[in-house]
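Enquirer: Sharing a structure here in structure tokens format.
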Amino acid sequence: MRGVVMHAAGDVRVEEREDPKIIEPTDAIIRVTASCICGSDLWPYRGIEPVKDQIMGHEYVGVVEEIGPEVKNVKVGDFVVGSFVISDNTCEICQSGYQSRCVRGEFVSATVGTQSEKARIPLADGTLVATPGQPDPGLIPSLLAASDVLGTGWFAAVAAEAGPGKTVAVVGDGAVGLMGVLAAKQLGAGRIIAMSRNPQRQELARFYGATDIVQERGDEGVAKIKELTNGLGAHSVIEAVGTQESMMQAIRSTRPGGHVGFVGVAHDVELPGLELFFADIHLHGGPAPVRRFLPDLIQLIWDRKIDPGKVFDLTLPLEEAAEGYQAMDERRAIKVLLTA
Ligand SMILES: [Zn+2]
């Protein structure tokens, strides 16, 4: 089969890879209908994380082709959505809603690599969720979004305790930040402030429910958020970038007693203890337990109540994945969908 391999920073190729086979009785093999390139794939692409001959991809939707003898919850022919973390969905950590830290968990990006024609999904019963039927092709981008960016933005909004009567600020205008806006709106937040200086992304943020846009960054951005919230700061702040500046922007934009939901993969972030101490805020984040939210998100998409698929502004065949990486790296595309 064909699949993406990142040989080194900036060096992405689509190559022949070995066809996946059932190894464990709990595995399923899926034919990938669509996958995509993640903002987190840009960290190694830009040389910020080390990379050598790494298979790529952790977001996926597809059709089950084969199942191991112990798989019960999905069957051959099912259309499925899976999280970017393999999970059994039965251990104590999974049962508490943190499937992204399953005791048997593994990252799809490390061991599976779904920017490919097929994929072996371990712990299929716990990891995959079948859709109610074969989806209309128009729903596929949205279902794919549920696999990571939507689930991650949703977790960030839940972690930030977005809800009725709350003012939510969103740091980061990438796909996850935009999905955080969507989630905050769905969770009932009245006022949603998107921080973005990109006109196209501002427009999408407004489409998803942003009521205000703040263009400033860093401490100037914080000052703007305070200005919009009677000097207090937002109740709920979503951090969807992962840099020192974005994390401090999120923390300083939060009012005392407020909540930060942070889902940007942290790179060289150091939190000043004394400032944190006096901030009096809640910090909750990490790799999103997307699996917790998948059944509900699939249903919202199926019923056409949300349209997260609009974050994909470039669709390319898998063979042209290298162009997709370049487009995202240069911020010409928010998020690239790859068709198999
Ligand atoms: Zn588990």
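The values are calculated or read from the model by the stated rules, or taken from the named source; none is laboratory data. Computed from a predicted structure; not experimentally measured. Neighbour counts are summed over all protein chains in view; Cβ atoms, including those assigned to glycine, are modelled from backbone coordinates with ideal geometry. Please note that ligands, DNA and RNA were not included when accessible areas were found on the heavy atoms of the full protein model with its side chains. Shrake-Rupley method; radii C 1.70, N 1.55, O 1.52, S 1.80 Å.
Enquirer: When you check residue 246 against the structure, is it under 25 Å from residue 275 (Cα atoms) and among the small types (Gly, Ala, Ser), yes or no?
Expert: Spelling it out, residue 246 is indeed under 25 Å from residue 275 (Cα atoms) and among the small types (Gly, Ala, Ser).
Enquirer: May I pose another question? Here are the criteria: (1) touching a Lys or Arg at 6+ places or on another chain (Cβ under 6 Å); (2) part of a strand (DSSP E or B); (3) surrounded by fewer than 24 Cβ atoms within 10 Å (Cβ to Cβ). Tell me which single one residue 236 does not satisfy.
Expert: Result: residue 236 passes all but (3).
Enquirer: I would also like to ask the following. For the range 103-127, enumerate the residues that are open to solvent by less than 10 Å² (accessible area, probe 1.4 Å) and in contact with a Leu (Cβ under 9 Å, 6 or more places away or on another chain).
Expert: Hits for the range 103-127 are 115, 116, 121.
Enquirer: Looking only at the range 250-289, count every residue that is of a type in the set (Phe, Trp, Tyr) and surrounded by fewer than 24 Cβ atoms within 10 Å (Cβ to Cβ) and tell me the total.
Expert: 2
Enquirer: Let me spell it out: the conditions are (1) touching a residue at least 40 places away in the same chain (Cβ under 8 Å); (2) in contact with a helix residue (DSSP H, G or I) (Cβ under 9 Å, 6 or more places away or on another chain); (3) closer than 20 Å to residue 282 by Cα; (4) open to solvent by less than 10 Å² (accessible area, probe 1.4 Å), and residue 151 meets all of them except one. Which number is the exception?
Expert: Looking at each condition in turn, residue 151 falls short on (3).
Enquirer: If I filter the range 189-218 down to residues being touching a Gly at 6+ places or on another chain (Cβ under 7 Å) and either assigned to a loop (DSSP other than H, G, I, E, B) or polar (S, T, N, Q) (or both), which single residue comes out as nearest to residue 159 (Cα to Cα)?
Expert: Per the stated criteria, the residue is 189.
Enquirer: Another question, then. Looking at the range 32-50, is at least one residue of a type outside the set (S, T, N, Q) and within 13 Å of residue 120 (Cα to Cα)?
Expert: Scanning the range 32-50 turns up at least one residue that is of a type outside the set (S, T, N, Q) and within 13 Å of residue 120 (Cα to Cα).
Enquirer: While we're looking at this one, here's another question. Which residues, taken from the range 91-107, are more than 8 Å from the ligand (Cβ to nearest atom) and either in a loop (DSSP other than H, G, I, E, B) or closer than 20 Å to residue 66 by Cα (or both)?
Expert: Once the filter is applied, which keeps residues that are more than 8 Å from the ligand (Cβ to nearest atom) and either in a loop (DSSP other than H, G, I, E, B) or closer than 20 Å to residue 66 by Cα (or both), the range 91-107 yields 96, 97, 98.
Enquirer: Please list, ordered by first then second residue, the pairs with beta carbon atoms under 6 Å, 6 or more apart or interchain, first in the range 95-123 and basic (Lys, Arg), second more than 12 Å from the ligand (Cβ to nearest atom) and in a loop (DSSP other than H, G, I, E, B).
Expert: These pairs meet every condition: 118/1; 118/20; 120/20; 120/27.
Enquirer: Among the numbered criteria (1) outside any loop (DSSP other than H, G, I, E, B); (2) under 18 Å from the mean Cα position of the chain (by Cα), which single criterion is violated by residue 321?
Expert: Only one criterion is unmet by residue 321, namely (2).
Enquirer: Collect the residues in the range 108-139 that are outside any loop (DSSP other than H, G, I, E, B), within 16 Å of the ligand (Cβ to nearest atom) and modelled with pLDDT of 95 or more, keeping them in residue-number order.
Expert: Selection gives 121, 124, 125, 126, 127, 128, 129.
Enquirer: Okay, next question. Residue 225: under 21 Å from residue 165 (Cβ atoms), open to solvent by less than 10 Å² (accessible area, probe 1.4 Å) and either assigned to a strand (DSSP E or B) or among the basic types (Lys, Arg) (or both), yes or no? Even if it seems obvious, please write down each step before you answer.
Expert: Values: under 21 Å from residue 165 (Cβ atoms): yes; open to solvent by less than 10 Å² (accessible area, probe 1.4 Å): yes; either assigned to a strand (DSSP E or B) or among the basic types (Lys, Arg) (or both): no.
When the stated conditions are applied, residue 225 does not pass them.
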